[in-house]
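Computed from the coordinates by the stated procedures, all read-outs in this text should not be read as laboratory data. As the structure is a prediction and not an experimental result, all values here were calculated from the model. Note that each Cβ is placed from the backbone with ideal geometry, even for glycine, and that neighbours are counted across all protein chains shown.
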Amino acid sequence: MVDPITLEVIQERLISTVREMRGTLARVAYSSVLYEARDFSCVVMNAKGEAVAQSEDNPGHIIPLPWSVRIAIERFRDDINPGDVILINDPYSGGTHLNDVAVICPVFVGGRLLLFPAIRAHWADVGGMTPGSLSGTSTEIFQEGVRIPPIKIYEGGKLVRGVADLMFANMRVEPERRGDLQAMIETCRTAERRIHEMAAKFGIDGLLEAIDVILDRTEAQIRELIGRVPDGVYVYEDYLDASGTTDDPVLLKTRIEVTGTDVHVDFTGTAAQVAGPINASLAVTTTAVFTILKTVLDPDLPVNQGAFRPVRVTAPEGTILNARFPAACGGFAEIRRRTQSVVMGALSRALPDAIAGDVKGSANHCYVGGLDPETNSHFIFYEYPAGGPGGYLEADGSSAFRSFDEGDFSSIQPVESIENELPLVIERTALRTDSGGPGRTRGGLGIERDVRVATARASYSVLSDRCIIPPFGLHGGGAGAPNSFTYRHAGVELQPGKIPGKATGCPVVRGDVVLMRSAGGGGYGDPLARDPERVHEDVRLGFVTARGAADAYGVVFAPDGAVDAAATAALRASLVLQRCNLTVAAHDAASGEYSHGRRYVQVHPSTAKRFGLPEGTPIEIVVPVGAPLRAWVKLNDALASDAVWIGAEGAAMIGTAPGNAVRLRALALGFAVAPKSAAPKPTPASEAVSA
C-alpha cells in the first residue's frame, strides 16, 4: 500500500516530468509553430497505453495521443525494444490531422517495459497539395500530406534511414522537419532519465502501484463531480459553416445522458462524412466531450486515464465525427471545437451558471507559403489568430486570448519572429471593435491583423470555420462576430476561395495584404441588462462603437459623452417592444423539421413581414435559459400570426413546449466579400517564381 505522501510525490514528479518535456521542446524545436505557438502536447503513459500524466497541453491531443499509443502497442506487440522510436500521424489510428506527428519512446528499466513518454507536435508541413499541407478544399486524405501509420523511425537505437529519407523527401522545408523530429526524440530522452530516477528511488513495483492508485483516485474524484449534475437527457445541435466543397451548412447533433456518475454522449443524427476537410476520428470527438466536461466540473483535477473512464462517447461510423478512410481530416480542430459547442449548448440548461458563451470556434489555420527568391528555399508562414472567449456569469470574456480549449498556445505570432524569418511585413495588429457578442456580460474581442506579402509570388490557404455561422451567446446573449479571412489586391478586398474560411493555394503577389479577422465570443445574458456605465467604458476603450452601444445595448450618450439615462431607458423600452416574441405552436408530426441538412421553423407570412424575417432568413430561437437554437424561416399561412412552429425535437432542445413563449432573432451571417472571379491576375513572367 502506497502511503499518501509518497503518492503525492510520485504524482507531482510525473507531472513535473511532462512539464520538463514541454519546456525542453519549446527551447530546442526548429519551427516557430513549436517554439512560439507551442502547438504540441506531452504525456507519460503506462505499458497499456493509459495516460499517466499530462500538464498544460493542447486539449485537442488529450485522448488522441494515448489512443495512438495503444494502437502502436497492438501493432508491434512483443516487438517493442529498448532504443525503438515509433512514429505515427494517421487520423484513423487515433490521430488528429496529418500535420500532428506523434513520437513514442518506450522506456525499459531492468529489461522491463515500464512507461512511454510521447509527444504529438504540429509539423508546419507534411507534404500535400499546398504549402503547410492544410487546405480548405481537400477532398481526400491523400491531398493532405504523408500519412504515417505506426512505424519505427529508430530501431534498437539506430535510425531507419530509408523510412526517414522517404518521409522527408515528401515534405517542404526539410531541415525544419528533421530538426523537429530530433528535438522531439531528445525531449523524450529527457523524460526517460527522469523515469529511471523515479524507478531507482521508489522501485519499479512501487512506482507502478502508485500509478494505479493515482488513476483510480482521479476516476473516483471525477465521478463524484458528475454525480452533482442532475440526471437527465440533454440535447442540442449546431452547424459547421460548410464542407469546403459545397456551401451547405453541416449539422452536428448531440444527446447527453447523465445517469448517476456515468455520462453517455451520443452523436447520432450528425451529418455523414463529407468530401471536404472537416472530418475527424472518434478519438477527436471523445476529446471534445472530455474537454468540456473537465472544464465545467473541475479544471484543476489531474489529467490522466482515470478522468476518462466515466465518459462514453459514440458516433455512427462514416459520419464527420467518426470518419472512415479516405476522408480528409485536415479540419479536425474545427470539428473538435464545434463538437464542444454542441456539448456546451446541451449542458447550458443543466448547468446554466457554469457554461460560458461560445468561443471563436476554429483553429484559424492561415498559411502563406512559397519559394523565397532571395534564399532559394521554401518558406511557410503559419498563423493562428486567437479570438474572444465567451462572456460568463461573473465577467466579460477576455479579448484576443486563448480560451479553455487551447492550452498554453500563444495568441498570435510575434511580429519580430515573422519579419526576421519570412518575406512578409506585419502592417497592423489590433483588437477587433464590435466583435464581442452583446450580453449582460460581453463576449471577448477578436484580433485584426494585416500581413503584406514582400516577395514576388506566394500562395494563401485557409482552413477555418465560424466564418458564416457565428459563435452563439447564452441566456439571451448575442452572437460574436464571425471569423473573416480575406486579402487586399490593388486596393480591393477579395475572398481567397469560393466559401468563406475555405481556400486552397490562392495566388498572392508582392504588395497584396492578407487580412485576418478572428471571431468574438458569444455574449452572456440579455444585452439590455448590461450596466450602461460598463457600455460607456467599452466605448471609451474602443471595444464597442457608439452605434453598437445603441443598437445592441440600447445605450445613448449625451453631447458631453456621458450616458443619457432618460434616453437610454426610452430606447431600451422601445427595443423590448420590437422583439419578435411568439407562442410555440402545437407539434405536427407530419411536418419535417429539417430540409437539405438544416432546421426550419415556420411562421405566418404576416409575422415574417412584420418582423423583417422573409423566407430563408437564418434566425436564433432565444430562450431565457440555455443556448439559442439556430434555424431558417419557412412561411406557413395556416399558422396564427402570433405563433411559431418549431417541432417536437427542436422544442426539446431548448426546453420549451407548445403554449410557451420564445423569441426569434435574426442571425447575421458572414459572407464572401467578392466573387472568386475577382482573383488577381498572374504575376508577369519576369517576376514569377515557382511556389
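Points worth noting:
- Using alpha-carbon coordinates, inclination of helix 64-76 to the longest axis of the chain, degrees: 40
- Normalised by residue number, the volume inside the convex hull of the Cα atoms of the range 4-222 is 121 Å³ per residue.
- Residues Tyr382, Tyr367, sorted so that the one with the fewest Cβ neighbours within 10 Å comes first: Tyr382, Tyr367
- Taking Cα centre as origin and charging only the Cβ of basic (Lys, Arg, +1) and acidic (Asp, Glu, -1) residues, the dipole magnitude of the range 4-222 rounds to 420 debye.
- Ignoring lysines fewer than eight residues from Lys498 along the same chain, the ones with Cα atoms less than 30 angstrom from its Cα are Lys253, Lys360, Lys634, Lys676, Lys681.
- Cα pair distances in the range 333-437, grouped into 5 Å bins until the bin that holds the longest one, percent each: 2, 11, 17, 19, 16, 12, 9, 6, 4, 2, 1, 0
- Whole-Å distance, taken between Cα centres, linking the range 228-272 and the range 308-350: 8
- For the chain, Cys with no neighbouring Cys Cβ under 4.7 Å: Cys42, Cys329, Cys366, Cys467, Cys506, Cys580
- Packing-based ranking, highest mean first, of 10-19, 337-346 given that Cβ atoms within 10 Å are counted: 337-346, 10-19
- Fewest-first ordering of Leu282, Leu445, Leu582 by other beta carbons within 10 Å of each residue's beta carbon gives Leu282, Leu582, Leu445.
- Principal-axis tilt of helix 4-28 within the chain, Cα atoms, nearest 10 degrees: 90
- Cα pair distances in the chain, grouped into 10 Å bins until the bin that holds the longest one, percent each: 3, 15, 25, 25, 18, 10, 3, 1, 0
- The value for the range 512-634 of Rg(Cα) / (2.2 N^0.38 Å) is 1.35.
- Fewest-first ordering of Trp632, Trp67 by other beta carbons within 10 Å of each residue's beta carbon gives Trp632, Trp67.
- In the range 251-332, inverting the average of 1/r over every pair of distinct C-alpha atoms gives 13.4 Å as the Kirkwood radius.
- Computed [θ] at 222 nm, helices only, for the chain once each DSSP H run of length n ≥ 4 contributes -39500 (n - 2.57): -8500 deg cm²/dmol
- The range 531-577 - Kirkwood radius from inverse mean 1/r over Cα pairs (Å): 10.4
- Prolate/oblate/rounded label for the range 466-530 (Cα gyration tensor, a/c 1.5): prolate
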